[in-house]
Amino acid sequence: MDARFVGIEELVGTPSVAVVVDVMRAFTVAPWCFARGAEKIVLAESLDEALTLTARHPDWVALKDGPPAPGFGLVNSPGQLRSVDLAGRTVVQKTTAGTVGALAVKDAPLVLCASFVVATATARVLRGRDSATFVVTGEEGRAEEDLACAQYIARAVTEPGANAAGYVRRAAGSGAATELATGVRAGAHPDDVALCLEVDRFPFAVRASWDGSALTLHPYEPVSPAG
Ligand SMILES: O=C(O)[C@H](CS(=O)(=O)O)OP(=O)(O)O
Ligand SMILES: [Mg+2]
């Protein structure tokens, strides 16, 4: 598989397959929402749009990064989310990097939102594809945690069972991990870094598709053989 690794600003045209990587924390959080029972996640373009959507749909719940804020019932923290019951709920997610990256490739025929917790499932969806564009969402395409995860997934496509340890070590040493661990990033839980570094916590991938009015995430089961 021909793998390209680009920042959001470096995207040119519409890729046929896009894998949007945000390890810390948007696309670790999204699978956690599904694990806690969420039915779908709607990606908002702005905080205002997130609040407009939840005003229109009072049973939906808005999630943003940074500190807790009025109108947002959830924060972008896997450590905080893992004890929240989201059974049947629709989550509206808006973050600084991850959701922006997914919206930047919304016209691509296949968009996957990925992190270490869904790495192998994501690789299995990609198996057999000629090419994939990995969108490295953090730090203008240079975020080490996102790049390491993207490179691991690309490798796992052609090398099932590839050892993730070196990639996880790179992510553990990233600036984002340090910021989360030292309280620089608001809305964090002490377990966030560890939860973001868990490889294959979940057996499903996460697919983004346009549902007519919004880019919406759902769990997506790979159909290719296991591995
Ligand atoms: O919530 C996060 O960890 C980040 C916040 S920021 O990029 O450091 O401002 O957002 P994300 O979109 O999940 O990378
Ligand atoms: Mg990030």
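The values are calculated or read from the model by the stated rules, or taken from the named source; none is laboratory data. In this text the structure is predicted, and so the values were computed from the model without any measurement. Every residue, glycine as well, gets a Cβ built from its backbone with ideal geometry; the counts of neighbours run over all protein chains shown. The protein model used for the area step is the full one, side chains on, heavy atoms only, and it has no ligands, DNA or RNA in it. Shrake-Rupley method; radii C 1.70, N 1.55, O 1.52, S 1.80 Å.
Is one or more of the residues making up the stretch 201-224 touching a Gly at 6+ places or on another chain (Cβ under 9 Å), farther than 30 Å from Thr52 by Cα and within 12 Å of ligand 1 (Cβ to nearest atom)? Even if it seems obvious, please write down each step before you answer.
Filtering the stretch 201-224 for residues touching a Gly at 6+ places or on another chain (Cβ under 9 Å) gives 224.
Cutting the leftovers down to farther than 30 Å from Thr52 by Cα gives us 224.
With the extra rule that they be within 12 Å of ligand 1 (Cβ to nearest atom), the set shrinks to none.
Within the stretch 201-224 (the criterion being touching a Gly at 6+ places or on another chain (Cβ under 9 Å), farther than 30 Å from Thr52 by Cα and within 12 Å of ligand 1 (Cβ to nearest atom)), the answer is no, since none of the residues qualifies.
Which of the residues belonging to the stretch 113-136 are open to solvent by less than 10 Å² (accessible area, probe 1.4 Å) and more than 15 Å from Val6 (Cα to Cα)?
Answer for the stretch 113-136, where residues must be open to solvent by less than 10 Å² (accessible area, probe 1.4 Å) and more than 15 Å from Val6 (Cα to Cα): Ser115, Phe116, Val117, Val118, Ala119, Ala121, Thr122, Ala123, Leu126.
Within the set of pairs 6 or more residues apart or between chains, which connect a residue that is more than 15 Å from Leu47 (Cβ to Cβ) and open to solvent by 10 Å² or more (accessible area, probe 1.4 Å) inside the stretch 93-105 to a residue that is β-branched (Val, Ile, Thr) and not in a loop (DSSP other than H, G, I, E, B) with Cβ atoms less than 6 Å apart?
Ala104/Ile8
Does Ala150 count as in a helix (DSSP H, G or I), of a type in the set (Gly, Ala, Ser), open to solvent by 10 Å² or more (accessible area, probe 1.4 Å) and in contact with a strand residue (DSSP E or B) (Cβ under 8 Å, 6 or more places away or on another chain)? Before you say what the answer is, go through the steps one by one.
Working: in a helix (DSSP H, G or I): yes; of a type in the set (Gly, Ala, Ser): yes; open to solvent by 10 Å² or more (accessible area, probe 1.4 Å): no; in contact with a strand residue (DSSP E or B) (Cβ under 8 Å, 6 or more places away or on another chain): yes.
No; evaluated as a whole, the condition is false for this residue.
Being at pLDDT 95 or above, within 16 Å of ligand 2 (Cβ to nearest atom), closer than 29 Å to Thr14 by Cα and open to solvent by 50 Å² or more (accessible area, probe 1.4 Å) is true for just one of Glu145, Glu139. Which residue is that? Even if it seems obvious, please write down each step before you answer.
Working: Glu145 fails: open to solvent by 50 Å² or more (accessible area, probe 1.4 Å).
Residue meeting the stated conditions: Glu139.
For Tyr152, work out the one condition from (1) within 15 Å of ligand 1 (Cβ to nearest atom); (2) under 20 Å from Gly175 (Cα atoms) it doesn't fulfil.
Looking at each condition in turn, Tyr152 falls short on (1).
Consider the stretch 8-17. How many of its residues are in a loop (DSSP other than H, G, I, E, B), surrounded by fewer than 19 Cβ atoms within 10 Å (Cβ to Cβ) and in contact (Cβ under 8 Å) with a residue 60 or more places away in the chain? Outline the logic, then answer.
Of the residues in the stretch 8-17, the ones in a loop (DSSP other than H, G, I, E, B) are 11-16.
Those left that are additionally surrounded by fewer than 19 Cβ atoms within 10 Å (Cβ to Cβ): 11-14, 16.
Now narrow it down to the ones that are in contact (Cβ under 8 Å) with a residue 60 or more places away in the chain: 11, 14, 16.
Adding up the residues that qualify gives 3.
Would you point out the residue of the stretch 153-201, among those that are loosely packed, with under 15 Cβ neighbours inside 10 Å and polar (S, T, N, Q), that is farthest from Val118 (Cα to Cα)?
Residue satisfying both the conditions and the ranking: Thr182.
Filter the stretch 18-42 down to residues that are part of a strand (DSSP E or B) and surrounded by 21 or more Cβ atoms within 10 Å (Cβ to Cβ) and give me whichever is nearest to ligand 2 (Cβ to nearest atom). Walk me through how you get there before you give the answer.
At the first step, the residues of the stretch 18-42 found to be part of a strand (DSSP E or B) are 18-21, 40-42.
From what is left, the residues that are surrounded by 21 or more Cβ atoms within 10 Å (Cβ to Cβ) are 18-21, 41-42.
On the way: Ala18: 16, Val19: 14, Val20: 11, Val21: 9, Ile41: 16, Val42: 19 Å.
Among those that are part of a strand (DSSP E or B) and surrounded by 21 or more Cβ atoms within 10 Å (Cβ to Cβ), it is Val21.
For the stretch 118-146, give me each residue that is within 16 Å of ligand 1 (Cβ to nearest atom) and hydroxyl-bearing (Ser, Thr, Tyr).
Across the stretch 118-146, the qualifying residue is only Thr137.
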